[in-house]
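Structure first, then comments.
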Ligand SMILES: Nc1ncnc2c1ncn2[C@@H]1O[C@H](COP(=O)(O)OP(=O)(O)OP(=O)(O)O)[C@@H](O)[C@H]1O
Ligand SMILES: [Mg+2]
């Protein structure tokens, strides 16, 4: 039913002449109305580029995209009235107060003065910024800026929200709070497209997940579907040291269809029949007198999905901490 | 997917009011925002007014004695130059401000809003005009304190100030282009000075161009900054000296309109292509 599609992209291609990067190499996706789509991918996968095209900031080289059927290039003005955007880096005016920032975005969204004032108060309260409302952004912490940026994105009450790594730089509590805000918005009918590096976040919020790498969609489905594709059980074998693990990994080749993944002194195997293979693993290692320090069976996480799809783990390097590390000038320039 | 609970078309129609109405409203919002930003950095306001005061004192009391101008006291000659020089140096803030907005991603946010495309540049240049009004008032006071006197009348003096403000407005579109071109605000500032220096110093701002070597004189006499300064002298001091005349006023207006007509569309084009 075409009517239920809020955001669609078909074969988006974007090449940045500078550095000759194919940031997007034929990306297609669809977000159903009232649902959350999680765009997952490692650094440089093309997530931000996709969001910028969908939010009319950047025209694609080829392919097309639409919001509620309105083309993001030809009907950019209509699309802009339907969307709210919180970019990867909080884009706020340092010299304005929190309230003034929200007011500015509200006025530029063409909402009446009175209504903007009312919504600003409500949003500041919702994001627990009421006490800081009349302070300039210079005095805000990284997490507060992030929250203010999101509040500003909501002032137009847009039916579609684009959130580029909305919880990067938030402490665990603020992250939980923001998840709740997003869930509430979705319950009220808002459609959300969010990018994230946090698999837990996609797991919790996203109805559909699209995994991109090198500008291409490499997998999509619900979190359960992605995990099911991978196999039902992950066997994780701990060995005494990395040397033992290397040896064990060699011994275990052939037991499973997919090669064992070696990480430090741990080997992971993703299989269908967990207990049977586990027994075989122990038997094989015992025969060769390799000492096993521990063995666990678990359901695969999205992290495992990510690893098997991209060959590397999602970077979860800057969890916690209130300060968002500001990008360098050259990164900023690149992010335009 | 079965989620079609919302009305089939959630498009919020364009709010009432025509395009022009919103173009003006958005420009006013951006102007408001830029002016608030200025007031939040009071030390910048303070030091940007210290600089022209230093120039007034320097030329009035240090160099002034060595410079002779036919027809009027040097302090009266000097002030028109100071006015124009100050608003020109102030135009650098157009470059720096725009460059910072780009760098901080604010322009990116603006691009995803349903606001008028023209508002970013219109709001920036308008805010700079408002700031310049404050600047010329300060300089008038300082000028009076060091002995400057209007030799015509208040109306012609105000006409001179309006001409200077108009000239600065035209120039700020040119400085907007620099701001949109530079990779960061420091570079924007560095790019602006090689343009400002020859224009302000190889002009009639501080010394009569007749004291300069012939090849320089040809440039200094005819370039727009000198025209605007000499036009202002005509309006502030009247025909007291052979160095300027009413024709400077026509040339100044022609230059200003010409610069505006060329620079504004170029800046708008540059803005559309940036991103
Ligand atoms: N303006 C630009 N000019 C040149 N190259 C760019 C530009 N913007 C992005 N790129 C390149 O395009 C690729 C995709 O970048 P993008 O920002 O979309 O990735 P991302 O998935 O958002 O990464 P991250 O997780 O680090 O935010 C990268 O290789 C990046 O260097
Ligand atoms: Mg990104």
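The values are calculated or read from the model by the stated rules, or taken from the named source; none is laboratory data. Please read these numbers as outputs of a predicted model, since none were measured by experiment. Counting neighbours? That spans all protein chains shown, and the Cβs are built from the backbone with ideal geometry, glycine included.
Here are some notes:
- Every residue from region A:15-31 that is surrounded by 20 or more Cβ atoms within 10 Å (Cβ to Cβ) and either more than 8 Å from ligand 1 (Cβ to nearest atom) or within 11 Å of chain B (Cβ to nearest Cβ) (or both): A:27, A:29, A:31
- Residue match in region A:58-72 (condition: surrounded by 24 or more Cβ atoms within 10 Å (Cβ to Cβ), within 10 Å of chain B (Cβ to nearest Cβ) and away from ligand 2 (no atom under 16 Å from the Cβ)): yes
- Residue in region A:76-88 that is surrounded by 24 or more Cβ atoms within 10 Å (Cβ to Cβ), within 27 Å of residue A:304 (Cα to Cα), more than 16 Å from ligand 2 (Cβ to nearest atom) and modelled with pLDDT of 95 or more present: no
- Residues being more than 13 Å from ligand 1 (Cβ to nearest atom) and not in a strand (DSSP E or B) - total across region A:32-54: 3
- Residues that are without any contact (Cβ under 8 Å) to a residue 12 or more places away in the chain, within 13 Å of chain A (Cβ to nearest Cβ) and closer than 26 Å to residue A:152 by Cβ do not occur anywhere in region B:86-102.
- One residue stands out among those in region A:90-100 that are over 9 Å from residue B:33 (Cβ atoms) and modelled with pLDDT under 95: the one that is nearest to the other protein chains (Cβ to nearest Cβ), which is A:91.
- Taking region B:14-35 as the range and being within 11 Å of chain A (Cβ to nearest Cβ), over 14 Å from residue B:128 (Cβ atoms) and assigned to a helix (DSSP H, G or I) as the test, the residues that pass are B:19, B:21, B:22, B:25, B:26, B:28, B:29.
- Filter result for the condition that a residue is more than 14 Å from chain A (Cβ to nearest Cβ), surrounded by fewer than 23 Cβ atoms within 10 Å (Cβ to Cβ) and within 22 Å of residue B:98 (Cβ to Cβ), over B:171, B:196, B:161, B:151: B:196
- Cβ-Cβ contacts under 7 Å between residues 6 or more apart (or on different chains), taken from a first residue in region A:182-208 that is away from chain B (no Cβ under 13 Å) to a second residue that is surrounded by fewer than 17 Cβ atoms within 10 Å (Cβ to Cβ) and at pLDDT 95 or above, are absent.
- Of all residues in region A:32-52 being over 16 Å from residue A:161 (Cβ atoms) and within 10 Å of ligand 2 (Cβ to nearest atom), the one that is nearest to the other protein chains (Cβ to nearest Cβ): A:49
- Residue within region B:43-51 that is more than 29 Å from residue A:104 (Cα to Cα) and away from chain A (no Cβ under 14 Å) present: yes
- Of the residues A:81, A:118, the single one that is more than 7 Å from chain B (Cβ to nearest Cβ), within 22 Å of residue A:185 (Cα to Cα) and part of a helix (DSSP H, G or I) is A:118.
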